[in-house]
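Contents: one structure, followed by commentary.
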């Protein structure tokens with residue numbers, strides 16, 4: 001396995017650990033099976049990573065994303081080093097979010113649910129950033145979350161040198177409830 005491939009696998013397992021840590025801190029409900037990790041090609045559209053949630057579930061979902069930057073200047077210039085995208089299956093999203101302790105939202109109002117999905121994506125991105133620092137990455141700047149239903153039509157910012165991402169599926173109540181996509185440029189590209 002090439003060095004970059006090993007590193008992208010480490011990134012994926014780090015995100016998996018970040019999700020598991022966050023769930024352990026926020027929820028008492030266990031995962032019903034081990035996560036599934038697969039490597040996928042990044043589909044690029046207009047220099048952004050395509051995000052299409054209907055490929056993750058057999059129905060509608062909520063989508064949120066945060067991108068990672070090496071500096072405030074990179075953030076302003078839209079020069080992302082990596083990105084995390086989360087997908088929550090619509091029918092289970094309210095139950096999942098309440099399990100995680102999010103209670104002050106109107107589950108019948110799509111905008112309210114999307115805002116909580118964005119809060120969760122930000123919390124996960126912060127946990128992931130901290131976990132990345134433990135393995136040698138710099139202290140990233142994180143974008144505000146993008147929040148949409150089913151897809152992010154304009155795509156998300158990512159490191160344009162990356163061609164692969166990892167998809168991690170998480171299961172609760174014996175069904176897939178959360179999918180995370182992650183791509184991150186290697187540590188060497190981070191200037192370490």
**Prompt:** Taking segment 144-172, which residues are modelled with pLDDT under 95 and surrounded by fewer than 18 Cβ atoms within 10 Å (Cβ to Cβ)?
**Reply:** 151, 153, 154, 160, 161, 163, 164
**Prompt:** Which of the residues that make up segment 31-64 are part of a loop (DSSP other than H, G, I, E, B) and either in contact (Cβ under 8 Å) with a residue 24 or more places away in the chain or in contact with a strand residue (DSSP E or B) (Cβ under 8 Å, 6 or more places away or on another chain) (or both)?
**Reply:** 31, 32, 42, 43, 46, 47, 56, 57, 59, 60
**Complete:** Checked segment 53-73 for anything surrounded by fewer than 18 Cβ atoms within 10 Å (Cβ to Cβ), over 18 Å from residue 155 (Cα atoms) and out of contact with any helix residue (DSSP H, G or I) (no Cβ under 7 Å at 6 or more places or on another chain); matches are 58, 71, 72, 73
**Message:** Checking residue 50 against (1) within 20 Å of residue 177 (Cα to Cα); (2) out of contact with any helix residue (DSSP H, G or I) (no Cβ under 7 Å at 6 or more places or on another chain), only one condition comes out false. Which one?
**Reply:** (1)
**Request:** Would you mind telling me which numbered condition in (1) surrounded by fewer than 17 Cβ atoms within 10 Å (Cβ to Cβ); (2) without any contact (Cβ under 8 Å) to a residue 60 or more places away in the chain residue 97 fails?
**Result:** (1)
**Asked** Within segment 67-139, which helices (runs of 4 or more DSSP H) (wholly inside it) include 3 or more residues that are within 17 Å of residue 150 (Cβ to Cβ)?
**Response** 90-99, 110-134
**Request:** List every residue pair whose Cβ atoms sit under 8 Å apart, with the two residues 6 or more apart in sequence or on different chains, where the first one lies in segment 122-143 and is without any contact (Cβ under 8 Å) to a residue 24 or more places away in the chain and the second, anywhere, is assigned to a strand (DSSP E or B).
**Result:** 126/142
**Asked** Mind checking which pairs have a first residue in segment 167-184 that is in contact (Cβ under 8 Å) with a residue 12 or more places away in the chain and on the phi > 0 side of the Ramachandran plot and a second that is buried (at least 24 other Cβ atoms within 10 Å of the Cβ) and assigned to a strand (DSSP E or B), Cβ under 7 Å, 6 or more apart or different chains?
**Response** none
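The values are calculated or read from the model by the stated rules, or taken from the named source; none is laboratory data. Keep in mind that what you see is a predicted model, and the values were worked out from it rather than measured. Using ideal geometry, Cβ is built from the backbone for each residue, glycine included, and neighbour counts are taken over all protein chains shown.
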